[in-house]
Amino acid sequence: DTGVSQDPRHKITKRGQNVTFRCDPISEHNRLYWYRQTLGQGPEFLTYFQNEAQLEKSRLLSDRFSAERPKGSFSTLEIQRTEQGDSAMYLCASSLRSLAPMGDTQYFGPGTRLTVL
Amino acid sequence: DAKTTQPPSMDCAEGRAANLPCNHSTISGNEYVYWYRQIHSQGPQYIIHGLKNNETNEMASLIITEDRKSSTLILPHATLRDTAVYYCIVRANYGGSQGNLIFGKGTKLSVKP
């Protein structure tokens, strides 16, 4: 399977614990996005990388959240001191920067479902 | 906020065409119309996108009005597996905040036998 993969698919944690999620984008995709989706809502943008540089962060990304993409390939999203409000689906998407008019389509992974007790 | 308006829900009979409308009256000249769908508990799946010409692929057809203020996604022969939330999104093809996908609530399509 050459699509976007995410690990783990499900995570249950207790309030106050730290969690880390991993995203492996489609090979050669240089752009990587993180989104969060709560129940009944559409996904909301969190942050964006082009290669290893984090170029954009949403105001939704509090100080407890940090994302990295150290070698421009896989990315990690860490949440420190989790709160019950962090319970959501965390989605990763990747795309290939393209100057072609129809380029730069984002493809999503299956998501990581986080439950904070 | 999402720049599109979609009906919250629609039903379609299995085997019939599903026509999902989307209004995007404030679309800019450099913005594309994208369609994604999300089957329960899965990540969004890309369907199709277009700028001003009608587009067709193996999944669907996208019809964009001449003034680009609205579009219709057509699933020619809906199956039960097409039951999902369908999102219509307008975005420019740039990275960063200009290129982010801004999802609304979408249309919940229920395909019935």
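Coordinate-derived values only; no laboratory data. It should be emphasised that the depicted structure is a prediction, and the values quoted were computed from it without experimental measurement. Methodologically, a virtual Cβ is constructed for each residue, glycine included, from the backbone with ideal geometry; neighbour enumeration extends over all protein chains shown.
General remarks:
- Dipole axis of chain B (+1 Lys, Arg; -1 Asp, Glu on Cβ), positive-most option in B:I48, B:Y36, B:A2: B:A2
- Stretchable slack from B:T79 to B:E14, in nm (0.36 nm times residue separation minus alpha-carbon distance): 22.9 nm
- For the range B:85-91, Karplus couplings with θ = phi - 60° (6.51, -1.76, 1.60), whole Hz, Gly/Pro x: 8, 10, 10, 9, 9, 10, 7
- The range B:58-67 - phi-based ³J(HN,Hα) in whole Hz, Karplus 6.51/-1.76/1.60, Gly and Pro as x: 5, 9, 7, 10, 10, 10, 10, 5, 4, 7
- A Cβ-based charge dipole, computed about the Cα centre of chain A with Lys and Arg at +1 and Asp and Glu at -1, lands at about 360 debye.
- Cut-off 17 Å (backbone N to label point 7 Å along Cα→Cβ of A:T13), residues of the range A:71-99: A:75-92
- Cα radius of gyration and Dmax for the protein assembly as shown (Å): 17.7, 53
- Considering chain A, its Cα convex hull presents a mean projected area of 7.4 nm².
- Dipole of chain A, positive end: most advanced residue of A:M89, A:S5, A:T76 [Cβ charges, Cα centre]: A:M89
- Under 5 Å from the amide H of A:R97 lie the amide H atoms of A:N30, A:R31, each residue being 5 or more positions distant or on a separate chain, with H modelled from the backbone and absent for Pro and chain starts.
- Cα pair distances exceeding 14 angstrom across the range A:49-117, given as percent: 68 percent
- Cα extents of chain B along the three principal axes, largest first (Å): 40, 31, 24
- Vicinal HN-Hα couplings computed from phi for the range A:47-57 (Karplus, 6.51 cos²θ - 1.76 cosθ + 1.60; Hz; Gly/Pro x): 7, 9, 10, 10, 6, 8, 8, 7, 9, 8, 9
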